Amino acid sequence: KRPASAPVVDPSMEITILLQANLCPNTVRAGDEGDGGWWLCGADSAVGNDCVVYSFGIRENFSFDHYVAGRGCTVHGFDPSPAGLHSEASYESITPTGTGHGKGQAIYHPYGLGNDGTYEPGTVPFRWPGMGYLRDSNSNQWTLKTLPRIQTELENDRITVLKVDIEGGEWDMMTDIIQSDWDELCMELHFYPGYFYVFETDTGGLNIIEEHHATHQIQRPEQSVGSVSRIQLLKKLNEVADMFLWEPNGDDCVEVYFRRKR
């Protein structure tokens, strides 16, 4: 609930995202209970034969990807990190079994989601908490691509489930995420400690207050350079999609689940 210490701020610096649990009354856990697993709408989910899933952030735990492949989806996994690359062979050997939805497939891509480019070691831009809580950066050369470019290259106009777990990098890609066509969005949101209050509303929704006008610089050269509030990005997201579930994950991080409005 709203803490007594939460400041009173300008409405532009605060958002309340309503919980629309009725959208998905039968959610199911796709994958592990801890890290690696995510929630889906269950019986009301679009997951099934011919579905397409994008999974950004793999590392060594891809139980979510295994689940959706077993539901008949083609799942594309993206991760340029050493831990992710180490999992490539195991990832592509996923054998979907026993769901009655036919067999899907898992395809690994050794690049990540971000501003287009090849990044030398130590140069990958990231937001809190980044890698190792800002104590680390990319140790090998990384290739990053924007979501529109990836969709064009893979010839996917529409994504059934978009999962984004990229350690703070989601903010730079948020505009693309909002503008892309997906049915369900599973995403981890990271906030600078001391800059944001994140808490549950009386009705189970999510309230976020930006206290110190924390902003980030848009890095894509084709866009006008300037500061964009995370609150404004979340408001734009909530205009096109409804939140059916959210969970805290640590002190400055929440996992959010949205269904696009149709």
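The values are calculated or read from the model by the stated rules, or taken from the named source; none is laboratory data. Here the structure is a predicted model, which means the values were calculated and not measured. Here the Cβ positions follow ideal geometry from the backbone for every residue, glycine too, while neighbour counts run over all protein chains shown. Only protein heavy atoms, including side chains, enter the accessible area calculation; ligands, DNA and RNA are left aside. Shrake-Rupley method; radii C 1.70, N 1.55, O 1.52, S 1.80 Å.
Things to note:
- Contacts under 9 angstrom Cβ, first residue in the stretch 191-213 being closer than 16 Å to Gly168 by Cα and of a type in the set (Asp, Glu), partner open to solvent by 60 Å² or more (accessible area, probe 1.4 Å) and part of a strand (DSSP E or B), 6 or more apart: none
- Count of residues meeting criterion [under 19 Å from the mean Cα position of the chain (by Cα), farther than 17 Å from Ile166 by Cα and not hydrophobic (A, V, I, L, M, F, W, C)] in the stretch 185-207: 2
- Scan the stretch 154-170 for residues that are assigned to a loop (DSSP other than H, G, I, E, B) and surrounded by fewer than 21 Cβ atoms within 10 Å (Cβ to Cβ) and the total you get is 5.
- Selected residue (criterion: modelled with the highest pLDDT) from residues of the stretch 67-77 that are surrounded by fewer than 24 Cβ atoms within 10 Å (Cβ to Cβ) and more than 17 Å from Gly42 (Cβ to Cβ): His76
- Boolean, Asp44 is modelled with pLDDT under 90, assigned to a loop (DSSP other than H, G, I, E, B) and under 28 Å from Leu233 (Cβ atoms): yes
- Pick from the stretch 126-153, criterion modelled with pLDDT of 70 or more and either at positive phi or part of a loop (DSSP other than H, G, I, E, B) (or both), ranking: most open to solvent (accessible area, probe 1.4 Å): Gln141
- Residues of the stretch 10-41 classified as outside any loop (DSSP other than H, G, I, E, B), within 18 Å of Val161 (Cα to Cα) and β-branched (Val, Ile, Thr), total: 1
- Neighbours by Cβ (under 6 Å, 6+ apart or cross-chain): first from the stretch 106-119, more than 16 Å from Ser81 (Cβ to Cβ); second open to solvent by less than 30 Å² (accessible area, probe 1.4 Å) and of a type in the set (Val, Ile, Thr): Ala106/Val75; Ala106/Ile94; Asp116/Thr146
- Some residue of the stretch 161-178 being farther than 23 Å from Gly117 by Cα and not hydroxyl-bearing (Ser, Thr, Tyr): yes
- Some residue of the stretch 39-56 being under 14 Å from the mean Cα position of the chain (by Cα), under 24 Å from Leu144 (Cα atoms) and open to solvent by 10 Å² or more (accessible area, probe 1.4 Å): no
- Taking the stretch 193-202 as the range and being within 11 Å of Cys253 (Cβ to Cβ) and touching an Asp or Glu at 6+ places or on another chain (Cβ under 7 Å) as the test, the residues that pass are Pro193, Phe196.
- Under the condition of being closer than 21 Å to Ala46 by Cα and in contact with a helix residue (DSSP H, G or I) (Cβ under 9 Å, 6 or more places away or on another chain), the residues counted in the stretch 146-157 number 3.
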